[in-house]
Amino acid sequence: MFPQSRFRVGLPGRNEFVLSFPIENTNNKLAAGLSPTFLTLKHNIFYTEHWNAAIRGVYIPTSGSKIYGTAHNGYLLNGILAYRIDTFNASVMLGYSSYSTSIANGGERYNTFTPDFAVGWQAKDWLQLYAEVYGQLNTGPRQGPGYNMDAGLLFLFTKDIAADIEMGHRISGHLGNFNVYYGTGLSVLF
């Protein structure tokens, strides 16, 4: 899959808007196509030196290709609680989602709960290590739960440029339809 591009901007009142552009899936020539677009609005409810609580709503318009897109609009609503002390941070997220399969997969709707737990350690000023376990109680219409985990490294080259490398692995079920994945990323603040 390439590329995973996002536009993220801070808004007044402790709000943030994120536009996630479609991803090009290139498994083979017969199954190539675009994923859906995601529009996200996040609001920080409160934050202190160690705690942060937020809510996040995501709207998924009918978009993408016949194979990798979504046949109907979808949405997610997440609650996020994060804790940070010195060089250690942890967060938990619990959400409710309503998805639609692609046109090629019948355009069926399904609802699910989405738990997520992540930990991180700031090893150096320029290096952070992280690990995450996430899942869905339903991974598709009439399908059971699926859980994955990933871990990676974040490198801070300057105060405005960061890169990451990660590896993910399926724990159980079929969330994302992969056994192992590798990824890299680049973030630029301007």
- request: Stick to Cα atoms and the Kirkwood definition of Rh, then tell me Rg/Rh for segment 3-66.
  value: 1.15
statement: The set of residues whose placed amide H lies less than 5 Å from the amide H of Gly173, leaving out same-chain residues fewer than 5 positions away, is Tyr147
statement: Whole-Å distance linking the alpha carbon centroid of segment 116-147 with that of segment 77-108 is 9 Å
- request: Would you compute the Debye intensity of segment 93-152 from its alpha-carbon atoms alone, equal scatterers and no solvent, and pass along log10 I(q)/I(0) at q = 0.16 Å⁻¹ to two decimals?
  value: -0.62
- prompt: Simple spin-label model, 7 Å along Cα-to-Cβ: Asn44 to Ser5 in nm?
  reply: 2.8 nm
field: Kirkwood estimate for segment 31-90, i.e. one over the average of 1/r between Cα atoms, Å
entry: 13.7 Å
statement: Note: probe point = Cα of Val18 + 7 Å toward Cβ; backbone nitrogen < 13 Å; residues of segment 75-106 passing the test are 76-80, 93
- prompt: For the chain, what relative contact order do you get, as a whole percent, if you take Cα pairs closer than 8 Å and at least 6 residues apart?
  reply: 11 percent
field: segment 6-188: translational diffusion in µm²/s, Stokes-Einstein, Kirkwood Rh over Cα pairs, 20 °C, 1.002 mPa s
entry: 120 µm²/s
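Read the figures in this text as sums done on the coordinates, not as results from a lab. Predicted, not measured: the structure shown is a model, and the values here were computed from it. For neighbour counting, all protein chains shown are included, and Cβ atoms are generated from backbone atoms with ideal geometry for every residue, glycine included.
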